[in-house]
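First up is the structure itself, then whatever we jot down about it.
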Amino acid sequence: MNKSNTLYWKTATDPAERIEVRLVLNSYIDNDNLYVGLESRSKDNPECWESYTDITVNLNSLPPFHAYVDNRDCNRHVHDFLTSNRIAEPAGFEYQGFRMFRFNPDRLKELAPEQFKTISAKLPPQDDMIKNIIYQERRFPLRTVQDIHGIYLVSSKELEESLIEGVRNLDAAANELLDGICLFCSTQELRYLTDAELIETIYAQ
């Protein structure tokens, strides 16, 4: 890990200690919510790392890179740790006493690049992965997904309805777009389904 990215954790002991930690990323099996934890250096062997604490708790299905943060007991300083290290910022919601944070994908990638690759493949897309397509002066969402077999365009049901109307009116552009888009789905599905889930739907048609 880049030494400039070394993380230090303030313990909840009295007196407090400052220990070196590193980020651990994963996703929860049941809903692919973001998991964030910490490892610390082993006291027996400083070259080895061992599990130290869980930062996130798995409550409800959440948007990408959002998670509820556990600030109980030994985690009492976790909010300051996340914000001061630019790892996450409060998102303004609480549930069962846990505060929601939005985690910074760029910072997660910087601190745990290999684990970030694994979790990002299973997470729904970020907003910047949804582009706009303009048809008859209206904007519609457009997303590109791909696998080893090819690249596929996915858009909304609203665009499909507009294109079908355009075909009825002998609009050549509507025909071309209708042929080029592989799947039309709801806006919610477009924004929150993973690439794999959308591709599975495309193949099932």
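For the reader, a short list of remarks on this structure follows.
- Reach of Lys10 by Cα under 21 Å, taken over lysines that are not fewer than 8 positions away in the same chain: Lys43
- Vicinal HN-Hα couplings computed from phi for segment 75-91 (Karplus, 6.51 cos²θ - 1.76 cosθ + 1.60; Hz; Gly/Pro x): 9, 4, 9, 5, 4, 5, 4, 5, 6, 5, 9, 6, 7, 7, 10, x, 9
- Summing charges over neighbours of Ala12, with a neighbour being any other residue whose Cβ is under 10 Å away from its Cβ, gives 0 when K and R count +1 and D and E count -1.
- Accessible area, probe 1.4 Å, largest first, for residues His149, His79: His149, His79
- Mean shadow area of segment 78-141 over all directions, Cα convex hull, nm²: 6.7
- Only protein atoms count toward the accessible area here, which uses a 1.4 Å probe; on the chain, the carbon and sulfur part of that area reaches 47 percent.
- Here the relative contact order of the chain, from alpha carbon pairs under 8 Å that lie six or more residues apart, stands at 13 percent.
- From largest to smallest, the equivalent ellipsoid semi-axes obtained for the chain from the alpha-carbon gyration tensor read 44, 17, 14 Å.
- Close amide-amide hydrogen proximity is noted between Cys185 and Ser155, Ser156, Lys157, each under 5 Å apart and 5 or more residues distant or on a separate chain (H modeled in the peptide plane; Pro and chain starts excluded).
- Rounded to whole Å, sorted largest first: equivalent-ellipsoid semi-axes of segment 127-204, Cα gyration tensor: 22, 14, 10
- Restricting the calculation to Cα atoms, segment 7-116 shows an Rg/Rh of 0.95 when the hydrodynamic-style radius is the Kirkwood one.
- Amide H within-cut-off set for Thr56, under 5 Å, with H built and near neighbours excluded: Val36, Asp70
- Candidate lysines - alpha carbon under 24 Å from Lys157, same-chain residues fewer than 8 apart omitted: Lys131
- Per residue value of the accessible surface for the chain (all protein chains in place, 1.4 Å probe), Å²: 60
- Distant-in-sequence amide H partners of Phe98 (H built 1.01 Å from N, under 5 Å): none
- MRE, 222 nm, helices only [DSSP H, n ≥ 4, -39500 (n - 2.57), over the chain, to nearest 500]: -8500 deg cm²/dmol
- Whole-Hz ³J(HN,Hα) from phi, Karplus 6.51 cos²θ - 1.76 cosθ + 1.60, for segment 92-99, glycine and proline x: x, 10, 10, 8, 6, x, 9, 8
- Listed values for segment 179-195 are Karplus-derived 3J(HN,Hα) couplings in whole Hz (6.51 cos²θ - 1.76 cosθ + 1.60, θ = phi - 60°), namely 6, x, 9, 7, 8, 10, 9, 5, 4, 4, 5, 4, 8, 10, 7, 6, 4, and x replaces Gly and Pro.
- Treating each Cα of segment 6-68 as one equal point scatterer and applying the Debye formula with no solvent, the log10 of I(q)/I(0) at q = 0.12, 0.27 Å⁻¹ comes out as -0.38, -1.09.
The values are calculated or read from the model by the stated rules, or taken from the named source; none is laboratory data. Keep in mind that what you see is a predicted model, and the values were worked out from it rather than measured. Note that each Cβ is placed from the backbone with ideal geometry, even for glycine, and that neighbours are counted across all protein chains shown. Protein only, heavy atoms only, side chains kept; ligands, DNA and RNA dropped before computing areas. Shrake-Rupley method; radii C 1.70, N 1.55, O 1.52, S 1.80 Å.
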